[in-house]
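Taking it in order: structure first as structure tokens, then the write-up.
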Amino acid sequence: MHVNAHIVVRGAAEAAEFYARAFGAEERRRIPVPDGRLMSIELRLGDSTVMVADEFPEMDVLSPLSLGGSATVLQLQTDDVDALWERALAAGATVLHPLADAFWGERHGQVTDPYGHRWGLAQHVRDVPDAEVVAAAAAMFSA
């Protein structure tokens, strides 16, 4: 079993182009509906699938831009996060949390795409014992 993301955006066709520029996504197929909107565009990012759909307000299918934000972060793990970070910013993503070495052993940062979705970009850089991660998280949240 695995989980695939299905995200809703304003302008699925343009978003698919953005994800290709920003993250190297490859389009596999799309399903249009008669009014021109897209029910889905299947994108491949590495070994993962992300489905992108236009908004369908009449069915309560809304994007983060209509909802006023997103509670979800899509995480991309890569072997070269610095290059992916620069690629995403050059494509038009905005920095939410700067790219930095994190206490849990990743080089990690977070961007927001022009469609309101948050993306964590990460690279494993070192193994950290669970007790050390838990202690660092406790210290961070007790300050």
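The values are calculated or read from the model by the stated rules, or taken from the named source; none is laboratory data. Since we're looking at a predicted model, the values are computed, not measured. Backbone-built Cβ (ideal geometry, glycine too); neighbour counts: all protein chains shown. Just so you know, the surface numbers come from the protein's heavy atoms only, side chains and all, with ligands and any DNA or RNA stripped out. Shrake-Rupley method; radii C 1.70, N 1.55, O 1.52, S 1.80 Å.
Based on what the data block shows, is V95 within 26 Å of A13 (Cα to Cα), free of Cβ contacts under 8 Å to residues at least 24 places away in the same chain and not small (G, A, S)?
yes
For the stretch 63-74, how many residues meet the condition of being loosely packed, with under 15 Cβ neighbours inside 10 Å and either more than 17 Å from N4 (Cα to Cα) or of a type in the set (S, T, N, Q) (or both)?
Here the count works out to 5.
Consider D47 against the criteria (1) open to solvent by 40 Å² or more (accessible area, probe 1.4 Å); (2) over 16 Å from Q75 (Cα atoms): it satisfies all of them except one. Which criterion is unmet?
(2)
Please work out if A15 is aliphatic (A, V, I, L, M), modelled with pLDDT of 95 or more, closer than 20 Å to W119 by Cβ and surrounded by 20 or more Cβ atoms within 10 Å (Cβ to Cβ).
The answer is yes for A15.
Taking P114 and the conditions (1) of a type outside the set (A, V, I, L, M); (2) closer than 17 Å to R21 by Cβ; (3) assigned to a strand (DSSP E or B), which numbered condition does it fall short on, given that it satisfies the others?
(3)
In this structure, is G36 under 17 Å from the mean Cα position of the chain (by Cα), free of Cβ contacts under 8 Å to residues at least 40 places away in the same chain and more than 18 Å from T112 (Cα to Cα)?
No, not satisfied.
Considering every residue within the stretch 123-139, establish whether at least one is among the hydrophobic types (A, V, I, L, M, F, W, C), surrounded by 14 or more Cβ atoms within 10 Å (Cβ to Cβ) and part of a strand (DSSP E or B).
no
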